[in-house]
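**Student:** Below you'll find the structure I mean.
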2 protein chains.
Amino acid sequence: MLNFQFYNPARIIFGRGEENNVGKYTAEYGKKVLLHYGEGSIKKTGLYEKVISSLKKYNIEIIELGGVRPNPVLSLVRKGIEICKTESIDFILAVGGGSVIDSAKSIAVGSKINGDIWEYFMDKSKVIKSSLPLGVILTIPATGSESSTSSVITNEENLFKRSIKSTEYIPKFSILNPEITFTLPEYQIACGCSDILSHLMERYFTQVEHVDFTDRLLEAAMKTIIINAPIAVNEKNNYDIMAEIMWVGTLAHNGLLDTGRIGDWASHYIEHELSALYDLTHGAGLAIITPAWMKYVYKENQDKFIQFAHRVFNIDFAYNEKERTIIEMIKYLENWYKTIGLPTKLSEVGITSSNFEKMAEKCLVGRGKAGNFKKLDMEDICNIYNLAL
Amino acid sequence: MLNFQFYNPARIIFGRGEENNVGKYTAEYGKKVLLHYGEGSIKKTGLYEKVISSLKKYNIEIIELGGVRPNPVLSLVRKGIEICKTESIDFILAVGGGSVIDSAKSIAVGSKINGDIWEYFMDKSKVIKSSLPLGVILTIPATGSESSTSSVITNEENLFKRSIKSTEYIPKFSILNPEITFTLPEYQIACGCSDILSHLMERYFTQVEHVDFTDRLLEAAMKTIIINAPIAVNEKNNYDIMAEIMWVGTLAHNGLLDTGRIGDWASHYIEHELSALYDLTHGAGLAIITPAWMKYVYKENQDKFIQFAHRVFNIDFAYNEKERTIIEMIKYLENWYKTIGLPTKLSEVGITSSNFEKMAEKCLVGRGKAGNFKKLDMEDICNIYNLAL
């Protein structure tokens, strides 16, 4: 186990009806709020009305900025920063999924600096020192952004998709009511569950030894997603199932499961290039890339893959059948993605090999190599894209 | 799953050598520190010197208050409060195990009120509104007090052992270096592991349904303790083993594993009367009381006990052998306590039935009934003491 620090002061407010208390929680931090949201689904579901009503009850002044789309873009972040500065906003309330929250986080940081926010994405030596306080009402369990230290933004000018990290903008509160997810399309639930499972697998596949407790916590979380996701896409409005998924989604990415270990993250990086270029949903891209990554890297540490096959998928072939166990596990995983309605091949979403080299090259800009379980160069990444065809 | 709030802003600083940085972390919060510790073991191990040296490096003024003993007492808490008030202490540094930290927490609260601190223990309607900031160097993985909301104190005048709860005094930082535990006697490690396992079991045995994710997290933690404790008492100075135990100990009691559920806590309450009256080590008392509690209550929800037997102890008898599975699991648990050198019967520690009624009566003062899995009255508690003979 490696030395670590763990600090996550997000206040999680979980359960039925809690969105109606958002005004009370917001009033603890601010009086003039930037209400940040997506492309209007919160207006169709009635959530918008509830939020406005609760904020008004506490005499909170509201400036709105909607329009965040999946794979949130730099231009809207810049617009948000401009509004926060000119309107002297003192709190940002993000109502939406990971894209909205990520966009809000970058606005929160950008509002406190003089230079260009994008520099913090491309230059890791630049340290984030402060942020506007932020609150969240989560509408999609997926990215874990509701209590995470990261914000992922796409620069539309050059299609670079990059992230920043800081504890400064961890939300002061995040309201998680599983009922709010009832209106989500099955495909979005599936993509969210794929993203959550990926956050767990990225952390699980480490070369750091003596991390058995966090291994087991990760296995607990992965099993919960694997069992509940297929039910969630088939049984709409099942509170208990969505509650399990939603709480896993948050803990999967709040830093707890990173403690003492170094995750891999190559699948995320390789996928980011796909969703930046093709505007594919991140969770669907991960369903395609992850099995290919596994096929390419498993020989780097077979024990870890066998433990995963055994403990998470309950595959207990004869113990000398190491390779067969791993190959079988990858089939189980692919079948799980199919069960929840996700693609597992690039060809299924109409992506050909034409941009593989370009994407692999971009994936490595500012990084040297990608991933930690096996450090991948450009050729490796192209090989993984090819395995995913 | 029940609605819940989860908030734990403790900064965990985990790993080799971190105690040498305590001055740096302390300086973020205070200039004049009450250094609170136990009966002097930190002077024998050299930890005291390291702490003083690091604090002096940052020009921090130090007032010392040692002498905390297992089952920390109210009189020393009152003395600490007096010192904090007269010396204008602005930070408390607790160097020790759960007793020292619990004592420090009560001092931290008492320093901010005018009345008597004990009123907060006996009258749950009194709300803790502020606290001096607190830091910790943990020397014994056991109580989880290093990031928990509770403080347990014994009033020597009437031998009441009671607790307060608040997020106000959650430590600003807790330094956890497994190397610091290398000097602990095996018996203390065993008692610590018993306490940790009990914190997990108390939460596990709930009647709240649809808490599968937290069930699995608890199982992950319990398995880690069950596997590692027997190694820890046999292999002194094994960093990796103690690191697993230490991190489980903190997460077992930081609130995370309470989310969405209501724990039982009867075994803790029933044990508290034992350790208050006989000055038995809490972890040893739990090894005696817990199996007796299980035998007495398992019929209230056999499924939960079978899941525990199956997932935690890997007992997979034929599925219609429900009762046999549970009885066998309790034997496994008793054997585990024996393996780590703990008693499992009151007779082993020389306790007879003479005070059972008196203890049962005291256990219920201010509570009505004890526990939630099965709500226990005085007769039930006496029956459990008798089963533990």
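Bear in mind that the values in this text are calculations on the coordinates, not laboratory data. If you're wondering where the values come from, they're calculated on a predicted model, not measured in any experiment. Glycine also receives a Cβ, built like all others from the backbone with ideal geometry; neighbour counts cover every protein chain displayed.
**Student:** With viscosity set to 1.567 mPa s at 4 °C, what whole-number translational diffusion coefficient in µm²/s follows for the protein assembly as shown from Stokes-Einstein and a Kirkwood radius over Cα pairs?
**Tutor:** It comes out at roughly 47 µm²/s.
**Student:** Simple spin-label model, 7 Å along Cα-to-Cβ: B:Glu157 to B:Glu328 in nm?
**Tutor:** 5.4
**Student:** Here's a follow-up. State the antiparallel share, in %, of DSSP beta bridges confined to chain A, rounding to the nearest 5.
**Tutor:** Antiparallel: roughly 25 percent of the beta bridges in chain A.
**Student:** Follow-up question, since we're still on this one. Among the aspartates and glutamates, which have Cα under 18 Å from the Cα of B:Lys236 when same-chain residues fewer than 8 positions away are ignored?
**Tutor:** In chain and number order, the partners are B:Glu179, B:Glu186, B:Glu244.
**Student:** Further question on the same structure: Viscosity 1.306 mPa s, temperature 10 °C: Stokes-Einstein D of the range A:113-240 from its Kirkwood Cα radius, in µm² per second?
**Tutor:** Here the translational diffusion coefficient equals 93 µm²/s.
**Student:** Just to confirm the numbers: B:Lys322, label point 7 angstrom along the Cα-Cβ line, distances to the other copies in nm, shortest first?
**Tutor:** So the label point of B:Lys322 gives 4.4 nm to the other copies.
**Student:** If you find the alpha carbon centre of the range B:353-389 and of the range B:299-324, how far apart are they in angstrom?
**Tutor:** 26
**Student:** In addition: Sort B:Trp118, B:Trp247 by Cβ crowding within 10 Å, fewest neighbours at the top.
**Tutor:** Placing the least packed residue first, the sequence is B:Trp118, B:Trp247.
**Student:** For the range B:248-389, give the magnitude of the charge dipole about the Cα centre (Cβ charges: +1 Lys/Arg, -1 Asp/Glu; no others), in debye to the nearest 20.
**Tutor:** 180
**Student:** Report the residue, chosen from A:Glu168, A:Glu119, A:Glu334, that carries the largest GNM mean-square fluctuation when chain A is represented by alpha-carbon nodes joined by springs under 10 Å.
**Tutor:** Greatest mean-square fluctuation among the candidates belongs to A:Glu119.
**Student:** While we're here: How high is the FRET efficiency between A:His210 and A:Asp279 when r is their beta carbon distance and R₀ equals 41 Å, given to the nearest 0.05?
**Tutor:** It comes out at approximately 0.50.
**Student:** Another question, if that's okay. When the dipole is taken about the Cα centre of the range A:117-275, and only Lys, Arg (+1) and Asp, Glu (-1) are charged at their Cβ, what size is it in debye, to the nearest 20?
**Tutor:** 400
**Student:** Could you pull out the pairs from B:Lys56/B:Lys223; B:Lys57/B:Lys112; B:Lys161/B:Lys345 whose alpha carbons sit more than 32 Å apart here?
**Tutor:** Correct reply: B:Lys56/B:Lys223.
**Student:** Right, here's the next one. What is the angle, in °, between the Cα long axis of helix B:98-110 and the longest principal axis of the Cα atoms in chain B? Nearest 10 is fine, range 0 to 90.
**Tutor:** 60
**Student:** Mind giving me the nanometre distance, one decimal, between the label points for B:Glu379 and A:Tyr187, set 7 Å out from Cα along Cα→Cβ?
**Tutor:** 6.4
**Student:** Let me ask something else about it. Label-point separation (nm) for B:Lys236 and B:Gln302, each offset 7 Å from Cα along Cα-to-Cβ?
**Tutor:** Placing both labels 7 Å beyond Cα along the Cβ direction yields 4.7 nm.
**Student:** Along the three principal axes, how long is the range B:11-179 when you take its alpha carbons, biggest first, rounded to the nearest angstrom?
**Tutor:** Extents along the principal axes, in whole Å: 41, 30, 25.
**Student:** Before anything else, pin down the relative contact order of chain A: Cα pairs under 8 Å, at least 6 apart, normalised by residue count, whole percent.
**Tutor:** Reported as a whole number, the value is 16 percent.
**Student:** Place a point 7 Å from Cα of B:Thr45 in the direction of its Cβ. Which residues in the range B:161-179 have their backbone N less than 18 Å from it?
**Tutor:** B:174-179
**Student:** Given the pairs A:Lys124/B:Lys24; A:Lys165/B:Lys85; B:Lys124/B:Lys375; A:Lys50/A:Lys79, which span a C-alpha to C-alpha distance of over 29 angstrom in this model?
**Tutor:** Cα-Cα > 29 Å for A:Lys165/B:Lys85; rest within.
**Student:** What order do you get for A:Cys193, B:Cys382, B:Cys363 when you list them from fewest to most C-beta neighbours inside 10 Å?
**Tutor:** Starting with the residue having the fewest Cβ neighbours, the order is B:Cys382, B:Cys363, A:Cys193.
**Student:** Rounded to the nearest Å, what's the spacing between the alpha carbon centres of the range B:198-244 and the range B:76-99? Just the number, please.
**Tutor:** Between the Cα centres of the range B:198-244 and the range B:76-99 lies a distance of 32 Å.
**Student:** Which whole-number percent gives the relative contact order of the range B:47-155, counting Cα pairs below 8 Å spaced six or more residues apart?
**Tutor:** Computed over the range B:47-155, the figure is 33 percent.
**Student:** Can you compute the label reach from B:Asn20? Point 7 Å from Cα along the Cβ direction, backbone N cut-off under 18 Å, restricted to the range B:54-76.
**Tutor:** Those under the cut-off are B:54-59.
**Student:** May I pose another question? Near B:Lys374, which lysines are there with a Cα under 17 Å away, not counting those fewer than 8 places off in the same chain?
**Tutor:** Leaving aside lysines fewer than 8 places away in the same chain, those within reach of B:Lys374 are B:Lys295, B:Lys299, B:Lys304.
**Student:** Taking the Cα centre of the range A:11-179 as the origin, how large is its charge dipole in debye, to the nearest 20, when only Lys and Arg (+1) and Asp and Glu (-1) carry charge on their Cβ atoms?
**Tutor:** My answer is approximately 240 debye.
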